[in-house]
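Written below as structure tokens is the structure these notes are about.
None of the figures in this text is laboratory data; all of them are computed from the coordinates on show. On a predicted model such as this, the values are computed, not experimentally measured, just so you know. Quick reminder, even Gly has a Cβ in these numbers, built from the backbone with ideal geometry, and neighbours come from all protein chains shown.
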Amino acid sequence: MISALQELAAAHPAYGFRKLFSCLRRKGKAWNHKRVYRVYKLLKLNKKRRGKRRLPAQVKQPLEQPQQLNSSWSMDFMSESLASGNKFRTLNVINDCNREALTIEVSTSIGAKSVVRSLEQLIDWRGKPKTIRVDNGPEITSADFTLWCEKEKISIQYIQPGKPMQNGYIERFNGSYRREILDS
């Protein structure tokens, strides 16, 4: 049993106990899973479970009024549903200097690639910002978006989780947009 487990673990280093045990069963070994697990643990083949991906701690950054256009943009998502029950999302981007809504993209699904595509169109039209202030959503923390920002030399200012007022300009816009457009 020991040699069989060691051979399988060497051949498949990413496999955990369940997969290794399944491989042993497919090879015709009729060993009890409890006994195999005890040997598995004695051989120190235990795999640590992958934890949740954590973002580094964000330092609180004061919300400052930029003095020139395109120095800072704010970006956020909103969700709403139609009368039929279908859900849709909006991606809102505003210029922090004059609070102008630069784009509102509406779709049933907006992923990181859609965000990058929208921002590329916006940059062609308005020019490139120095920073973009965003929350920690999965579309924003994805590799597609962060690599695109590095390539374009745009710094990303993440707000602290659970502190939406650190992105107050876009949150105020979202409230007005919901009251004036979506709820009417």
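Figures for the structure shown
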item: P(r) of the chain over all Cα-Cα pairs, binned every 5 Å from zero, in whole percent; result: 1, 7, 13, 14, 13, 9, 6, 5, 6, 7, 8, 6, 4, 1, 0
item: Estimated vicinal HN-Hα couplings, Hz - segment 21-28 in sequence order (Karplus 6.51, -1.76, 1.60; Gly, Pro = x); result: 5, 4, 5, 4, 5, 5, 7, x
item: Dipole-positive endmost among I181, A14, I132 within the chain (Cβ charges, Cα centre); result: A14
item: In sequence order, calculated HN-Hα J values of segment 149-159 (Karplus, 6.51, -1.76, 1.60; Hz; x Gly/Pro); result: 5, 4, 4, 7, 6, 10, 7, 9, 9, 7, 8
item: The chain: angle of helix 2-11 to the longest principal axis, Cα-based, in degrees nearest 10; result: 30
item: Greater than 24 Å apart at Cα, pairs in K19/K113; K130/K163; K52/K151; K87/K113; result: K19/K113; K52/K151
item: Unit charges at the beta carbon, dipole of segment 61-116: most positive-side option, I110, Q65, L91; result: I110
item: Where only alpha carbons of segment 75-127 are counted, the Rg and the Dmax (Å); result: 12.3, 39
item: Gained length - Q6 relative to K128, 0.36 nm times residue gap less alpha-carbon distance; result: 38.4 nm
item: Among R172, R35, R117, residue whose mean-square fluctuation peaks in a GNM of the chain (springs only between Cα atoms under 10 Å); result: R35
item: Net charge dipole size for the chain [Lys, Arg +1 and Asp, Glu -1 on Cβ; Debye, nearest 20]; result: 2240
